[in-house]
Amino acid sequence: MKVQDLAKELGRSNKDFIKFLHEVDVKVKSSSTKLEDDVVQTVRELFKGVKKDDKKNAISDEVGTIVLNERSLTITQLASKLGVRLPDIMKCLLQMGLSLTLNSEIDAQTAKEIAERLEIDLDIESSIKPISKFSSSIRDQLDQMHEDDMERDPDAMTDRAPVITIMGHVDHGKTLLLDTIRMTNVVAKEAGGITQHIGAYQVEVKGRKLTFLDTPGHAAFTTLRARGAQVTDIAILVVAAEEGCKPQTIEAIHHAKAAGVPILVALNKVDKPEADIEMCKQQLAQHELVSEDWGGTTIFVPVSAKAKKGIDELLELILLLADTLELKANHHNPAKGVVIESRLSRKKGPVATVLIKSGSLRVGDNFVIGHIAGKARALLNDLGKPLTLVTPGMPVEIMGISEVPRPGDILEVMATERECRQLAEERLLEEKNLNASAGKAMSLESLSQQIEEGGVRKLNLIVKADVNGSLEAILASIAQIPSEDVAVTVLHSATGPVNENDIMLAKASSAIVVAFAVSVNPEAQKIADEEGIEIKRYKIIYDIVDDVKLVIEGLFKVEFEEYETARVEVRQLFRFSRVGVIAGCYVTSGTAVRNSKMKILRNKKEIFRGKMESLKRFKEDTKEVATGFECGIVADGFHEYEEGDIIVCFDIREKKRK
């Protein structure tokens, strides 16, 4: 959509609207500039939240300290309390590496940081537990680990493997680049060719180990990119040379800068005829990434992941940059690390991918992750091979956890199992108290009360996904869908298969169950069928977002079609006083099933449509009769058979959307 078209839609002059776009950090040259779809959506939502009086007013000049005592509030509410324009709040969030909408909730600490950036005094009266499972405190905790190690025994600090995060826009070749480095095939394993989790891999270059994190590029994966930047030492920004900067490219830059990590730019796809390296350098310079040959400090490396060009040079520069950072850790202390991914495996149970940042982890070690105690029953590397020892900078998949931990939680090894259990119980009690005081307890009664609220139309969802990364991305995508008339509420979300509890909750709250890349337990499916609960299965996150948008817009229409299950020919008639007429039939195709829907064709014209009341084989009732066998059929409400009639058995199924 062009700027002038969007300005007209929002009822603003081109001049004022372009000025507004510049204020919210959207650079355009003229009213004929074409905007990306995701930019249009963000601007629409942002513009709706800006009052007319606020569009020209500067930041409030009121003197004094603003007191904040809410446990949480939305971006719009914060702007109102601080007396500032929404564009200024959104700009601060971008600088902090956060991509949120006007209705996103933030905790008090985030509000305080925004106020500090706007040079406003904000006093927080209450101690707030962060709402998000991921917060900027991860970096603080990791930095504290390093400081503790330095203070405890600086002489014991030795070199560790650098952690490199590959970031960038969707389809710019991040995973293929890592694939080329690893000489494996990661891309083919991802649905739709899009990375849907953080992949953690380790490679050896010139006798030295490098740890790579591959973060998704789609707009849905803001949290994963932020987490990747927080736990990394070096950020590789992959930019397709023929496309240049895109929305997620810019977002990745913000995340890396917010985490304070050096950025190395890999200009990918330089082998393409339309590649324009100078254009890319010019665009990135606008975001303070100035190439060394332009007088800046950012390293630019032309590469082609597909043609395997420039890969050696890229690895050499990574090693050089890692040397300048002097990355060290104590290998002898009990291990500490951060969970970067977690999931529930059918075969392995709860598993977590952990990046060890300090100390060493061994099989048999007792540990605590958040409020979860565990014992390292098995350690696997990125190739699935067992390990006995994991040192700083290495990613490892851990088995032996009692439940699925949250990404961003810190793993700590302790001396005894008793210490782990005690600390885990204390943290669990503390978390329950915080949740209770915050009023976050969820029950069927409270959900029923929400449903009964008048005047608001609601779309209730229960979301189950294969891993936490996918789950967070789905929830973030749903939260960013603009909706005015329909309130979209995620009542429950978790990893693992759809179970009976999910279905019962869906029944109590009239919710739709979204199953992303997970199975449905047989008992859960049975209850869902009996209660008429809809389970929508997906493999691509885009499809979930599209369907929810269609529901909100009132355009989603489920279409059904008849699916023929059997074709039966009437060959003889039998009359009985008790049941009337039984049609002696021969199954010519498919399998005839008792109680199935049926229609009768005579001379290719439909003369009856109804239900099969009875199905017999040699005078005995049977459930089904296969092709090539004879049977007797009684229809519910029809007795005027003629020899030669064709009975078509069918099911009604949901028609797949193209």
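For ALA266, the test of being in the same structural domain as HIS172 (by TED's automatic domain parsing), in contact (Cβ under 8 Å) with a residue 60 or more places away in the chain, part of a strand (DSSP E or B) and crowded, with 17+ Cβ neighbours inside 10 Å is passed. Residues that are among the charged types (D, E, K, R), modelled with pLDDT of 90 or more and within 14 Å of THR249 (Cβ to Cβ) within region 274-300 comprise just one, LYS281.
The set of residues in region 245-292 that are farther than 26 Å from LEU320 by Cα, of a type outside the set (Asp, Glu) and in contact with an Asp or Glu (Cβ under 7 Å, 6 or more places away or on another chain) comprises PRO247, LYS272, ALA275. Take THR489 and tell me if it is modelled with pLDDT of 55 or more, farther than 23 Å from THR74 by Cβ, touching a helix residue (DSSP H, G or I) at 6+ places or on another chain (Cβ under 9 Å) and outside the structural domain of THR74 (by TED's automatic domain parsing). Considered against the rule, which asks whether it is modelled with pLDDT of 55 or more, farther than 23 Å from THR74 by Cβ, touching a helix residue (DSSP H, G or I) at 6+ places or on another chain (Cβ under 9 Å) and outside the structural domain of THR74 (by TED's automatic domain parsing), THR489 comes out as no.
Take the residues in region 1-15 that are in a helix (DSSP H, G or I) and at pLDDT 70 or above; name whichever of them is surrounded by the most Cβ atoms within 10 Å (Cβ to Cβ). My answer is VAL3. Looking at region 156-193, which of the residues that are closer than 16 Å to PRO395 by Cβ and either part of a loop (DSSP other than H, G, I, E, B) or acidic (Asp, Glu) (or both) is modelled with the highest pLDDT? Among residues in region 156-193 that are closer than 16 Å to PRO395 by Cβ and either part of a loop (DSSP other than H, G, I, E, B) or acidic (Asp, Glu) (or both), the one modelled with the highest pLDDT is PRO162. Which residues, taken from region 627-653, are surrounded by fewer than 12 Cβ atoms within 10 Å (Cβ to Cβ) and closer than 16 Å to GLU564 by Cβ? Correct list: ILE652, ARG653.
Residues of region 319-338 that are within 13 Å of MET394 (Cα to Cα) and β-branched (Val, Ile, Thr): VAL338 alone. Looking only at residues in region 83-127 that are modelled with pLDDT of 75 or more and among the acidic types (Asp, Glu), the one that is surrounded by the fewest Cβ atoms within 10 Å (Cβ to Cβ) is GLU119. Contact map, region 590-606: residues that are within 20 Å of LYS616 (Cβ to Cβ) paired with residues that are outside any strand (DSSP E or B), Cβ distance under 6 Å, separation 6+ or inter-chain. Pairs shown: ARG594/LYS623; ILE600/ASP645.
Each row is one residue, and each column tells you yes or no for (1) over 26 Å from PHE516 (Cβ atoms); (2) part of a strand (DSSP E or B); (3) modelled with pLDDT under 85.
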{"site": "LEU429", "(1), (2), (3)": "yes, no, yes"}
{"site": "ALA436", "(1), (2), (3)": "yes, no, yes"}
{"site": "LEU459", "(1), (2), (3)": "no, yes, yes"}
{"site": "ILE462", "(1), (2), (3)": "no, yes, no"}
{"site": "LEU475", "(1), (2), (3)": "no, no, no"}
{"site": "ILE478", "(1), (2), (3)": "no, no, no"}
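Do we have ARG578 as modelled with pLDDT under 90 and more than 30 Å from GLU534 (Cα to Cα) here? Judged against the criteria, ARG578 is a match. Taking region 527-573 as the range and being of a type outside the set (D, E, K, R), modelled with pLDDT under 80 and exposed (fewer than 15 other Cβ atoms within 10 Å of the Cβ) as the test, the residues that pass are GLY532, LEU550, GLY554, LEU555, PHE556, VAL558, PHE560.
Of the numbered criteria (1) at positive phi; (2) part of a strand (DSSP E or B), the one PHE300 fails is (1). Identification of strands (runs of 3 or more DSSP E) wholly contained in region 533-644 with 1 or more residues that are farther than 30 Å from LYS507 by Cα yields 560-576, 580-593, 597-602, 605-617, 624-626, 630-635. Say we look at region 303-353 and pick out the residues that are of a type in the set (A, V, I, L, M, F, W, C) and assigned to a loop (DSSP other than H, G, I, E, B); which of these is farthest from MET157 (Cα to Cα)? By that ranking, first place goes to ALA307. The set of residues from region 64-82 being at pLDDT below 50, among the polar types (S, T, N, Q) and within 15 Å of THR110 (Cα to Cα) comprises just one member, ASN69. Cβ-Cβ distances below 8 Å connect the following pairs, each with a first residue in region 539-560 that is closer than 16 Å to PRO482 by Cβ, a second residue that is modelled with pLDDT under 70 and aromatic (Phe, Trp, Tyr), and a separation of six or more residues or different chains: ASP547/PHE556; LEU550/PHE556.
The values are calculated or read from the model by the stated rules, or taken from the named source; none is laboratory data. It should be emphasised that the depicted structure is a prediction, and the values quoted were computed from it without experimental measurement. Every residue, glycine among them, receives a Cβ derived from its backbone with ideal geometry; neighbour counts consider all protein chains shown.
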